[in-house]
Amino acid sequence: MDKNRLAENLQRVRQRMSAACLRAGRNERQAQLVAVTKSVGVEEIKTLYDLGVRDFGENRVPLINEKAAALAGFSDITWHFIGHLQRNKAGKALEATRILHSLESLQLAEVLQKEAEKRGIDTIRIFVEVNISGEESKYGLGAEEAVPFVAKLKDFPCLTLAGLMTMAPYSENPEDARVFFRQLAKLRNKLAPAEEVNYLGLSMGMSGDFETAIEEGATLVRVGSVLFEE
């Protein structure tokens, strides 16, 4: 992909993020970009790195490991695993990342805990995936399951709760996603006092609706396709 075009796309995304923060009365530093690079290669990632991006998201274990290995010299890159994680691939995922956006079962938590202990990993930051819309086609816990699920994570000392993640139903109108993002934010606020923490993150919003997500409190937005438009 042309580097100038990629730089222009990134600038537009950052401007749109800043404007959304302004509309919501938030500091722009409160919303972080995770560049989803599943559709591009190492050269595009290097270009984004040169432009200041440090957080990259992948949804397949082989790809995140392959790209992380190719960019091992870039020690300040943070890799986020954002896809559905099968238990038999959990250990492999930890070769590249310590941030997972899709924890949805105690069985996966158990595997991650065992793999962390085996590999000498002290902390894995996890976002609990919530199927806030209730769509059958999506992974994640139901909203009513999230509070008791989070309480049980205390049994897994290597897992640190970073926040909640969701995906809104697809719609060409980003306003349609607002109700779901707002529900996730309310759920996060319900969890925070129980966890005795001042802040839990919200991983929500993608290329089609990230501005709406920021307006509703997203702390990480997972943006890919609009970055790589030709």
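Just so it is clear, none of the values below were taken in a lab; they were calculated from the coordinates. Nothing here was measured: the structure is a model prediction, and the numbers come from that model. Heads up, the Cβs are rebuilt from the backbone with ideal geometry, glycines too, and the neighbour counts pull from every protein chain shown.
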Give the residue from Q11, C21, G224 lying farthest towards the positive end of the charge dipole for the range 3-227; charges sit on Cβ (+1 for Lys and Arg, -1 for Asp and Glu) and the dipole is referred to the Cα centre.
Q11
Under 12 Å, Cβ to Cβ, from Q183 - net charge with Lys/Arg +1 and Asp/Glu -1
+3
Charge tally for neighbours of I121 with beta carbon under 12 Å away, counting Lys, Arg as +1 and Asp, Glu as -1, is +1
Listing K89, K118 by rising number of other beta-carbon atoms within 10 angstrom, fewest first, gives K118, K89
Quick one: order S225, S102 by neighbouring beta-carbon count within 10 Å, fewest to most.
S225, S102
Step through the residues of the range 84-101 one at a time and calculate ³J(HN,Hα) from phi using the Karplus curve (6.51 cos²θ - 1.76 cosθ + 1.60, θ = phi - 60°), rounding each to whole Hz and writing x for Gly and Pro.
5, 10, 6, 4, 6, 10, 4, x, 5, 4, 6, 5, 10, 9, 10, 10, 10, 9
Sort 121-130, 160-169 for me by packing, meaning the mean count of neighbouring Cβ atoms within 10 Å per residue, highest on top.
160-169, 121-130
Roughly how many debye, to the nearest 20, is the charge dipole of the chain about its Cα centre, given +1 on each Lys and Arg Cβ, -1 on each Asp and Glu Cβ, and no other charges?
420
Using the charge dipole of the range 87-192 (Lys, Arg: +1 at Cβ; Asp, Glu: -1 at Cβ; taken about the Cα centre), state which of Q113, P148, Y170 has its Cα farthest towards the positive end.
Q113
What ranking do S75, S133, S171, S105 get, fewest neighbouring Cβ atoms within 10 angstrom at the top?
S75, S171, S105, S133
Please give every one of the aspartates and glutamates within straight-line cross-link reach of K3, meaning a C-alpha to C-alpha distance under 14 Å, and leave out same-chain neighbours fewer than 8 residues apart.
E43, E44, D50, E229, E230
Checking K38, K152, K92 against a Gaussian network model of the chain (alpha-carbon springs below 10 Å), the top fluctuating residue turns out to be K152
DSSP beta bridges in the range 3-227, what fraction antiparallel, as a percent rounded to 5?
0
222 nm [θ] for the chain, helices only, -39500 (n - 2.57) per DSSP H run of 4+, per residue, to 500?
-12500 deg cm²/dmol
Select from E136, E66, E95 the residue whose mean-square fluctuation is largest in a Gaussian network model of the chain (Cα-Cα springs shorter than 10 Å).
E136
Based only on the alpha carbon positions, what is the Kirkwood hydrodynamic radius of the range 125-180, in angstrom?
12.4
Please compute the net charge surrounding Y49, taking Lys and Arg as +1 and Asp and Glu as -1 over other residues with Cβ under 11 Å from its Cβ.
-3
Of K154/K190; K114/K154; K46/K118, which ones are farther than 20 Å apart at the Cα?
K46/K118
